[in-house]
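Down below is the structure, laid out as structure tokens.
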Amino acid sequence: MRITIVGAGHVGAVTGAGLAEMGHQVLLVDRDERVRERLGRGEPPFYEPGLGIMLRGNRSRLRTTDDLAGAVGESAMTFLCVGTPSDATGKADLSAVRAASQAIGAALAGRTEPHTVVVKSTVQPGTTAGVVRSAVEAGAGRTPAEGLSVVMNPEFLREGSAVQDFFLPDRLVIGADDPAGMARLEALYAQFSCPMVRCGTSTAEMVKYASNAFLAVRISCANEIGNLCKPLGIDAHEVLDAVGLDDRIGPRFLGAGLGFGGSCFPKDVRALVALGAALGTGATLLSAALAVNDKQPGTLLDLLEERVGIEGRRIGVLGLAFKPETDDIRESRAIPVVQGLLDRGARVLAYDPMAVGRFRALFPEIAYAASAGEVLSGADATVIVTEWPEFERLDYTGLAVVDGRRCRRAEETAEVYEGICW
Ligand code: UGA
């Protein structure tokens, strides 16, 4: 099948490469020329393990273009993968979704062959039916009865393991309000053996938000337990490891530490809080999860202040990406940590194996080291912000470390060692 992907960001590029690997002809539409050029050469525009190999291996089935109308016009399916960042009130900003939906509708005007629009972007319940479908149908001038379906198929890809997540999902969720749209998505994913959840578009939209909200709440719950453990001299990780052995709870996403960042959890939880305000129901627990998360960087800095001092000190920062195996710094905990260090009068020397380029654009005023070792030898004390595996291989002997991510090697070898909640 010929498939158009609108938006070649993380979700779009991985989905496009995955669909090409499945044998489809894929057209990646993006307005950023640099992104198109790199994808056209088989190079991912961001760091994502395994994506380069897949792009290069499927070059004959992948094309990039800025011509949305042309691409949609020659495809049987269009995936909507544009961003939905938070607006000033915390709601998901739908302007890119709206614009793309109108453009897709216009591209389908006058065409009669069946077409399915698949919403991958994370959108508030009701958006697929109320915003996307109405714009697409208005532009195209036809409805599901005339072969045009708009379905919702949320993505659960994690940055850093997105390729694996594409091919080995825990479940596929297909939200369709018409049987033909449902049937086309079922056929697309026929080779996947995981559970397939069939539901309406609004339910699918909510499944995505609820999944991210649940995981974010788990992390904040682990951090709150950790914040209670610390003054009692109890190791939160020992506690949570034991808690996670309960089959009803499970061990994953209980990693107490500096909290969650990235382009998804903070934004999606804020969107549900805004939804709760709009509906008048409130979202007390989700607001609290954000509050706990916001507190963690300050807690780390307070510990550093207490053990080593900050003003006038040269403080090393290990890790800038929001998690390992990515160069993404969106809402990374490194941002409030570095800002807090500067506010408290520190000189900062930072290192990340992948994210220095992006972080430098945000903080040009701090110093960057070429290696983690250079940070350790040049700093009075070091904070660990991202759990890159290479930090487990360093020698922290004689050094002062305040750890936001539980680096065992630092704990064993540093002279002064303080964990954020252990
Ligand atoms: C998340 C979800 O896990 C994906 O299923 C979803 O598709 C994606 O958002 C999205 O909505 O697009 P991602 O943000 O890439 O994926 O990364 P995660 O691995 O979920 O980590 C998010 C943050 O939580 C990171 O900052 C990580 O350090 C933090 N985290 C994770 C913890 O602090 N503790 C943990 O135990 C686990």
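Go through region 378-395 residue by residue and turn each phi into a ³J(HN,Hα) via Karplus (6.51, -1.76, 1.60, θ = phi - 60°); whole Hz please, and just put x for glycine and proline.
In residue order, the calculated couplings are x, 10, 6, 7, 10, 10, 9, 10, 10, 8, 5, x, 5, 5, 7, 9, 8, 9 Hz.
Report the residue, chosen from ALA367, ALA410, ALA106, that carries the largest GNM mean-square fluctuation when the chain is represented by alpha-carbon nodes joined by springs under 10 Å.
ALA367
Given the C-alpha centroids of region 369-422 and region 239-269, what is the distance between them in whole angstrom?
If you average the Cα positions of each part, the centres end up 22 Å apart.
Sort out for me the Cα centre separation of region 157-171 from region 1-55, rounded to whole Å.
When both Cα centres are located, 15 Å separates them.
Two decimals is fine: what's Rg over Rh for region 2-199, C-alpha atoms, Kirkwood radius as Rh?
0.94
Go ahead and estimate [θ] at 222 nm for the chain from helices alone: -39,500 (n - 2.57) per DSSP H run with n ≥ 4, summed, over the residue count, rounded to 500. Show your work: numbers first, answer last.
Details: 16 runs with 180 residues, N = 422.
-13000 deg cm²/dmol, from helical runs alone.
Counting only GluC sites (Glu not before Pro) that are in a DSSP loop and have at most 16 other C-beta atoms within 10 Å, tell me the longest site-free stretch of the chain. Don't skip to the answer; put the middle values down first.
On the way: sites that count: GLU74, GLU311, GLU365, GLU415.
My reading of the result: 75-310 is the longest stretch.
Run the numbers on region 317-374 and let me know its relative contact order in percent, using alpha-carbon pairs under 8 Å that are six or more apart. List each step's numbers first, then the result.
Details: 78 pairs, mean separation 21.2, N = 58.
It comes to 37 percent, rounded to a whole number.
Using the heavy atoms of the protein chains and a 1.4 angstrom probe, tell me the accessible area per residue for the chain in square angstrom. Could the numbers behind the result be given before it?
On the way: 17480 Å² over 422 residues.
Normalised by residue count, the accessible surface of the chain is 41 Å².
Just to be sure I follow the rule: in the chain, considering lysines 8 or more places apart or on different chains, how many pairs have Cα atoms under 30 Å apart?
17
Which value, in debye to the nearest 20, gives the size of the charge dipole of region 1-149 about its Cα centre, when Lys and Arg are +1 and Asp and Glu are -1 at the Cβ? Please list the in-between numbers first.
On the way: 16 positive and 15 negative charges, 38 e Å.
It comes to approximately 180 debye.
Using amide H atoms built in the peptide plane, which far-off residues or other-chain residues are under 5 Å from VAL383 H to H?
Result for VAL383 returns GLY316, VAL317, LEU318, VAL402.
Based on Cβ point charges of +1 for Lys and Arg and -1 for Asp and Glu, what charge dipole magnitude is obtained for region 212-419 about its Cα centre, in debye rounded to the nearest 20? If you can, show how the numbers build up before the last one.
Details: 22 positive and 30 negative charges, 118 e Å.
Dipole about the Cα centre, nearest 20: 560 debye.
So how many Å³ per residue does the convex hull of the Cα atoms of the chain work out to?
Working: hull volume 61.1 nm³, N = 422.
Taking only Cα atoms, the chain has a hull volume of 145 Å³ per residue.
Please tell me the relative contact order of the chain in percent, rounded to the nearest whole number, where contacts are Cα pairs under 8 Å and at least six residues apart. Let's see the in-between values first.
Numbers: 879 pairs, mean separation 48.4, N = 422.
Here the relative contact order equals 11 percent.
Quantify, in whole percent, the carbon and sulfur part of the accessible surface of the chain (1.4 Å probe; protein heavy atoms only).
Numbers: 9340 of 17480 Å².
Answer for the chain: carbon and sulfur cover 53 percent of the accessible area.
Compute, for the chain, the length of the dipole vector about the Cα centre, with Cβ point charges of +1 (Lys, Arg) and -1 (Asp, Glu) only. Units Debye, rounded to 20. Let's see the in-between values first.
Details: 43 positive and 53 negative charges, 207 e Å.
Dipole of the chain, to the nearest 20 debye: 1000 debye.
Take every Cα pair under 8 Å in region 95-188 that's 6+ residues apart, average their separations, divide by the length, and report that relative contact order as a whole percent.
On the way: 120 pairs, mean separation 28.0, N = 94.
Relative contact order of region 95-188: 30 percent.
Name the residue from ALA381, PHE265, SER220 whose Cα lies farthest towards the positive end of the charge dipole of region 212-419, charges +1 on Cβ of Lys and Arg and -1 on Cβ of Asp and Glu.
Of ALA381, PHE265, SER220, it is PHE265.
Once the dipole of the chain is set up with Lys and Arg at +1 and Asp and Glu at -1 on Cβ about the Cα centre, which of SER75, ALA355, VAL243 lies farthest towards its positive end?
Result: SER75.
What is the set of long-range amide H partners of VAL118 at a cut-off below 5 Å, with H atoms built 1.01 Å from backbone N?
It is THR78, PHE79, LEU80, VAL151, by chain and number.
Report Rg(Cα)/(2.2 N^0.38 Å) for region 212-419, keeping two decimals. Spell out each step's value before the answer.
Details: Rg = 17.1 Å, N = 208, 2.2 N^0.38 = 16.7 Å.
So the Cα radius of gyration is 1.02 times the expected 2.2 N^0.38 Å.
The values are calculated or read from the model by the stated rules, or taken from the named source; none is laboratory data. Note that the structure is predicted; figures quoted are calculated from it, not measured. Every residue, glycine among them, receives a Cβ derived from its backbone with ideal geometry; neighbour counts consider all protein chains shown. Ligands, DNA and RNA are excluded from the accessible area calculation, which covers all protein heavy atoms including side chains. Shrake-Rupley method; radii C 1.70, N 1.55, O 1.52, S 1.80 Å.
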